[in-house]
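Structure, as structure tokens:
Just so it is clear, none of the values below were taken in a lab; they were calculated from the coordinates. What you are looking at is a predicted structure, and each value in this text was computed from that prediction instead of being measured. Cβ: placed from backbone, ideal geometry, glycine included. Neighbour counts: every protein chain shown.
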Amino acid sequence: MSANGQVFLVNSNGILFGKGVSVNTATLVASTLNIKNKDFNEGDYSFSGDGGQIVNKGQIKTVDGGFVALLGGDVHNEGVIVATRGTVSLNGANKATLNFNEDILVSVSLDEGALNALVKSQNAIFADGGSIILTAKSADSLVASQVNVEGILQSRALNDLTEKIVVYAHGGQARNVDRSQCLYYCRGRRYEWSGGKSGLGFERRFDDLFT
């Protein structure tokens, strides 16, 4: 799939980018959470519902400064995602809102948790000069959300651009995050991984851990 503009894929039953698939777009939003037509037309990118699973086994790439947002209760990256000078955000929840500064995706708010919320990245995500955000929020305080990293997260400095990696499990666990998976040039930027009850758990900066 190739497009020089924004692409939104919404399917509550599930979304699969199969092995060998190549996606090249300016921006990509793939969601198993629904969005109302009125909200979409007014630029209110709030998604909600009990969506199916999202799995990427292929290669997703944006133009410089573009973004990739995958939204669902269960989100797996088993392929490669590239967004140089942009943002890659994988999010597990039942309600999520994309927050923009002009046309730049700056964050994703998880407004309602999902049962067994899970985000997993097993291969590689590259966002040099940009941001990588992996977040999950559980709907049940007795069932913790999880963010698992079993591959590479890379956000290296480019000129004076701020780069950031955030791995956060609201009320749950951020697992397997170590130096072998997070590759970057530090330069005092923000790298953190967090998890804990009510989103108020521990927070550690990668530049403290790995310098």
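Here's the yes/no breakdown for (1) out of contact with any Leu (no Cβ under 7 Å at 6 or more places or on another chain); (2) buried (at least 21 other Cβ atoms within 10 Å of the Cβ); (3) farther than 20 Å from Leu115 by Cβ; (4) free of Cβ contacts under 8 Å to residues at least 12 places away in the same chain:
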{"site": "Ser2", "(1), (2), (3), (4)": "yes, no, yes, no"}
{"site": "Leu28", "(1), (2), (3), (4)": "yes, yes, yes, no"}
{"site": "Lys57", "(1), (2), (3), (4)": "yes, no, yes, no"}
{"site": "Thr62", "(1), (2), (3), (4)": "no, yes, yes, no"}
{"site": "Val75", "(1), (2), (3), (4)": "no, yes, no, no"}
{"site": "Val82", "(1), (2), (3), (4)": "yes, no, yes, no"}
Residue check for Ser22: of a type in the set (Ser, Thr, Tyr), farther than 22 Å from Lys120 by Cα and out of contact with any helix residue (DSSP H, G or I) (no Cβ under 6 Å at 6 or more places or on another chain): no
